[in-house]
Amino acid sequence: MNIKIFLILMKISLIFAKIDLEFYSLYRRCESEFILCGNAKVKKESLNEENIDISSSYISNVNNITNTIYNYKDYEKINILIKNLKKAIDEKPIISFDIYDTLVIRPYFKPTDLFVHLEKLYNATGFANARITAKGFTFDEIYKNIDKKYRWLKEKELSLEYNVTSPRPLLKNIYEYAVHKNKKIIIISDMYFSKKYLSKILKKCGYTKFMNLYVSSAYHKTKKSGSLYSKVIKKLNINSNKILHIGDNYKSDILQARKLGLNAFYVPTVMRNFLESDYRIKIFQKHHKKELGASIMLGLLAPHFECSFNNYWYEFGYKYAGPVILGFMEWLDDQLKKDKIYKVLFVARDGYTLEKVFNIIKTSNASSYYFYFNRKIIDNIFSKNKTESVIKKKEFNNYLNKLNIEDKKIGIIDSVTYKWKSQRGLIQLFPEKEIKGYYYFTGKKYIDILNFESYQSEHNKNKIGNLIELIMTAPTPPIIDIKNGKPIFQNPDNDEFLRMKLYPYISNGAIDFAKDLIKIFGKLNTYVTYYSLNDWINIFKKRPTKIDKNMFSIIKHSASIEHDKYVLLFKNWY
């Protein structure tokens, strides 16, 4: 197929298909730098100027699977909710909002997991339970009644609460709609924090255009009893029927409001919506009820999936690749600090997204390079043909000269290894250096003379290697050589082309997950464990939905080291 025809077909698909901005962006990149079919060449240095022959039927399949919305039913459900909420707002002059779990959210499965997080961060054993059981109408009263040994955490709690609380995207949209409609906005909350502190939280989250804030801690009255609503009605001196109250607690925000004549609109919590969107989440949560890292992971995923309806592969990247890569990179960051290693090489192709996420979340001083050093390059460098070996070493040295790896200690990072080829090759090149490997997991047969660490130590129990190699790859074909300091890529067949087309979505989803986590937590430890991450992946593998089966039906992985034989990634699904 002529490249011009291919680009025209892609442009037409943009008109007739439901495609998001990411797909358009990918098309523009394809048009300007990555040309992927017909007689075209992919970046002169990329594919060694070899032709790529991709069938038109395969291109059709690719376009179909990149244009599918991840959770269309939830998209329709949320659209109906928004439509009904806006209609209800149109009918009333005063709009009242609840605060927590309505206008703002905490990034935990349960709000009280914030206390668990504090306990772990400050090594304050027993604090979470003491904080949950301490009684008081106000925050000050709660800390007066808590065990004295925990009172020093009072300001720490206020700080963490402020830093991790964020606007709920769905309700922020509704709030802004009410502002746009010139409605009088009030906020009513059953909360122990002071009015001043809550105003600070609301301002941080972008809620400033409200008439008044009524808080139970200020009046010693509650929505739960109905007395706070009565106080509001009296202060406003208005017929209660003119108020629409929006909240997530069915008893406090809906039933009690209606008893006093207010109109009330129930909005389920973001976590409830998330749990109902995918039954597998409930299974996972039951397995990890007491695990803080699992709570934080779900707390980050839930608001994203309430309002994000991108294509399947971006959302797959956010939901699965994101947490797995983040957990691996947080572990790596800790290991590098312990080992005092300041130069790290992320082996291509698996290191592509790993390096990007590492540089987003790292707290160590390590600098990184994306490193082209796979089996074929190593075999070329150490060829038995001495003439060829000399030439290839010279070529590779030209490439190495572009990297600053003068340090005595070097870390090499890869996803999965069974033979430690890259690490052993690097040791041959630099026998004077201390080379340590860091892997997601390794094969069963360890090489005792090598220095390495593995994130996952129970590969036999968690057979997720094939999926890991889809999550941790790059949008390029396999590398076959280095020339003029640049990589030369293998000519991709249909199966490799498909993975190249999909992977930018998966990678962007994973990177955005890391960015969202940093935006909320900064560099705080989130305590995600590989046990929970492996379970998260295995639940997906064992319980595919219909759309999962459809989307993975033509996704294959290489069953040979030469990348000349491909088999279905999940044969057992079909």
Screening Lys376, Lys393 for residues that are in a helix (DSSP H, G or I) and free of Cβ contacts under 8 Å to residues at least 24 places away in the same chain leaves only Lys393
From the list Asn491, Asn550, Asn484, Asn466, which residue is surrounded by fewer than 22 Cβ atoms within 10 Å (Cβ to Cβ), on the phi > 0 side of the Ramachandran plot and more than 17 Å from the chain's Cα centre (by Cα)? Asn484
Go through the range 355-373 and give me each residue that's of a type in the set (D, E, K, R) and not in a loop (DSSP other than H, G, I, E, B). Glu355, Lys356
Any idea how many residues of the range 176-221 are aromatic (Phe, Trp, Tyr) and part of a loop (DSSP other than H, G, I, E, B)? 4
Name every residue in the range 396-420 that is in a loop (DSSP other than H, G, I, E, B) and under 28 Å from Lys340 (Cβ atoms), in order of residue number. Asn401, Lys402, Leu403, Asn404, Ile405, Glu406, Asp407, Lys408, Lys419, Trp420
Has the range 429-436 got at least one residue that is assigned by TED's automatic domain parsing to the domain that holds Tyr372, modelled with pLDDT under 90, outside any helix (DSSP H, G or I) and of a type in the set (Val, Ile, Thr)? no
Residue that is farthest from Tyr197 (Cα to Cα) [pool: residues in the range 229-252 that are surrounded by 23 or more Cβ atoms within 10 Å (Cβ to Cβ) and touching a Phe, Trp or Tyr at 6+ places or on another chain (Cβ under 6 Å)]: Ile246
For residues that are touching a residue at least 12 places away in the same chain (Cβ under 8 Å), more than 30 Å from Ser230 (Cβ to Cβ) and more than 28 Å from the chain's Cα centre (by Cα), tally how many sit in the range 81-125. 1
Would it be correct to say that Asn163 is more than 17 Å from Asp98 (Cα to Cα) and free of Cβ contacts under 8 Å to residues at least 24 places away in the same chain? no
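The values are calculated or read from the model by the stated rules, or taken from the named source; none is laboratory data. It should be emphasised that the depicted structure is a prediction, and the values quoted were computed from it without experimental measurement. FYI the Cβ positions are ideal-geometry reconstructions off the backbone, even for glycines, and counts take in every protein chain you see.
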